[in-house]
1. Just need a number here: residues in the range 208-234 that are free of Cβ contacts under 8 Å to residues at least 24 places away in the same chain, closer than 28 Å to residue 136 by Cβ and surrounded by 12 or more Cβ atoms within 10 Å (Cβ to Cβ).
2. Kindly indicate the residue of the range 21-44 that is within 17 Å of residue 75 (Cβ to Cβ) and surrounded by fewer than 23 Cβ atoms within 10 Å (Cβ to Cβ) and also farthest from the ligand (Cβ to nearest atom) among those meeting that condition.
3. Please work out which one of (1) in a loop (DSSP other than H, G, I, E, B); (2) within 13 Å of the ligand (Cβ to nearest atom) is the condition residue 65 fails and give its number.
4. If a residue must be away from the ligand (no atom under 16 Å from the Cβ), within 19 Å of residue 106 (Cα to Cα) and crowded, with 18+ Cβ neighbours inside 10 Å, how many such residues does the range 143-174 contain?
5. Kindly establish whether residue 28 is assigned to a strand (DSSP E or B), on the phi < 0 side of the Ramachandran plot and in contact (Cβ under 8 Å) with a residue 24 or more places away in the chain.
6. Answer yes if at least one residue in the range 85-99 is out of contact with any strand residue (DSSP E or B) (no Cβ under 6 Å at 6 or more places or on another chain), in a helix (DSSP H, G or I) and over 15 Å from residue 29 (Cβ atoms), and no otherwise.
7. Looking for something under 18 Å from the mean Cα position of the chain (by Cα), assigned to a loop (DSSP other than H, G, I, E, B) and near the ligand (Cβ under 9 Å from one of its atoms) - is there at least one such residue anywhere in the range 192-212?
8. So if I check each of 201, 136, 157, which one is touching a residue at least 60 places away in the same chain (Cβ under 8 Å) and closer than 21 Å to residue 10 by Cα?
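Since every read-out is calculated from the coordinates, none of them should be taken as a lab result. Just so you know, these numbers come straight off a predicted model, no measurement behind them. Here the Cβ is made from the backbone with ideal geometry for all residues, glycine too, and neighbour counts use every protein chain on show.
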Ligand SMILES: NC(=O)c1ccc[n+]([C@@H]2O[C@H](COP(=O)([O-])OP(=O)(O)OC[C@H]3O[C@@H](n4cnc5c(N)ncnc54)[C@H](OP(=O)(O)O)[C@@H]3O)[C@@H](O)[C@H]2O)c1
């Protein structure tokens, strides 16, 4: 049985993944943005391996999340699931970053560097990553006019790229990204057309399965099938430039 940490496990796909993994007998470490939001998993916390709290919009709290996970012990797998979608404004996190970038890309990057290295990592990306821009000139939206959908697409491009970069730099870790489909969670909305069940079953499978396909590394998945991601994702030059930029913005060096 594996020990798995899932960010954003209070809702939607993160909570569904936690429930599925607990039902299979795995030890799941839950995550909520605050003590108040931890109430959303009060029904399963007793069957879990514990809960860590912290708002991923804050670099200080993200570091505390990593410390909390490390105190529980080494993880077999980490599922970087937490994310936000269409923010009306750029926002301004305590460190001055765009909120979408901070929660959906900087936090998974920081946690990757600060959590004791697990055997497997999975990042929730999505089909919209294909609309992300390969230009890294203003990834924090300092000079550009805010476009919520573009910012989300870019953050999903960055985490898919991060997964591939890790596969190249950390050969001892299985690293993947997943497109869960457009599914009817709070984020996806009630009219989302894809299969909600399949929305979490790829990441739980990648986190725990010994199926030869699941113990590969460096791939982008949809419904347990490998897909070709955007060209930037598999471009080593783009990967390294992105990692350098994320390191500058967070102060966390990965490689
Ligand atoms: N649903 C889709 O159609 C779809 C499609 C493609 C990709 N995805 C990706 O799949 C992942 C899960 O999405 P979902 O549909 O399950 O979304 P969701 O239902 O809105 O759940 C998002 C989770 O992330 C947490 N979260 C958000 N901001 C946070 C913050 N600042 N600090 C800590 N936790 C935070 C939320 O906590 P709270 O409950 O406290 O807000 C919640 O647990 C996301 O990365 C999303 O981009 C979803």
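1. Looking only at that region, the number is 1.
2. Among those residues, the one meeting the criterion is 25.
3. (1)
4. 4
5. Yes: the conditions hold for residue 28.
6. yes
7. Scanning the range 192-212 turns up no residue that is under 18 Å from the mean Cα position of the chain (by Cα), assigned to a loop (DSSP other than H, G, I, E, B) and near the ligand (Cβ under 9 Å from one of its atoms).
8. Numbers: 136 fails: closer than 21 Å to residue 10 by Cα; 157 fails: closer than 21 Å to residue 10 by Cα.
From the options 201, 136, 157, the qualifying one is 201.
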